[in-house]
Amino acid sequence: MRDNTFFISDTHFGHEGVLDFCARPFKTAAQMDAAMITAWNSVVGPRDTVVHGGDFAFCSAERAQFIFDKLNGKKVLVRGNHDRNKHLKLGWESVHEILDTRIAGQRIIVCHYPMREWPGYYRNAIHLFGHSHSSMPSSNRALDIGVDNIGFTPLRLPDLQKIMDDLPASEWRRGHAPDPKKQLGVDDSEDADDVGLKV
């Protein structure tokens, strides 16, 4: 993908319930939709690409299509749990369960759901996810790109990297592996006997 690629997730266009669930600062879904369309189009041009991390809309196909058509740019969907079949026919450039792409040499794995490890994890790939509505901690290599976490405006990779640079490391495995000797009750001290084992 090119440098003019933006990322966002969990817009939930048309969803009245998400206003309370996520404490969004709007009185109605219509007000939220209008604000997000304006924010989107303030940064995204007709030739830009937006990768949407899932849960685009929670409304009728007609309303979703009306909103989709108002949004600038080419749109790529990484399918979320609320993206029904009717929302897959809006005119996406492509639809993915997991998107594996590169921008300026940086490998990026986009999935609606947060992952502990992802393809390329040990080769500095980063992971962009949604679904959690800011309830899942992000790290210096994994970021919740939902609107409830990054704001209501799509962001480019350099902007996302600035956010991640200020977050803690994602080395969640270090020091947390269970000790197999303790699990098995093995005493490896010098005076411990061999419990009668014969080889």
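The values are calculated or read from the model by the stated rules, or taken from the named source; none is laboratory data. A quick note: this is a predicted structure, and the numbers were derived from the prediction, not measured. Methodologically, a virtual Cβ is constructed for each residue, glycine included, from the backbone with ideal geometry; neighbour enumeration extends over all protein chains shown.
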For VAL76, are the conditions met, namely being touching a residue at least 60 places away in the same chain (Cβ under 8 Å) and part of a strand (DSSP E or B)? no
Looking across the range 47-60 at residues that are at pLDDT 95 or above and not in a loop (DSSP other than H, G, I, E, B), the single one that is surrounded by the most Cβ atoms within 10 Å (Cβ to Cβ) is HIS52
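Every residue, every condition in (1) surrounded by fewer than 18 Cβ atoms within 10 Å (Cβ to Cβ); (2) touching a residue at least 12 places away in the same chain (Cβ under 8 Å); (3) of a type in the set (A, V, I, L, M, F, W, C), yes or no:
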site: SER94; (1), (2), (3): yes, yes, no
site: ILE108; (1), (2), (3): no, yes, yes
site: TYR122; (1), (2), (3): yes, no, no
site: MET136; (1), (2), (3): yes, yes, yes
site: LEU143; (1), (2), (3): no, yes, yes
site: ASN149; (1), (2), (3): no, yes, no
Just checking, does the range 162-184 include any residue being within 30 Å of ASP83 (Cβ to Cβ), polar (S, T, N, Q), within 26 Å of the chain's Cα centre (by Cα) and at pLDDT 90 or above? no
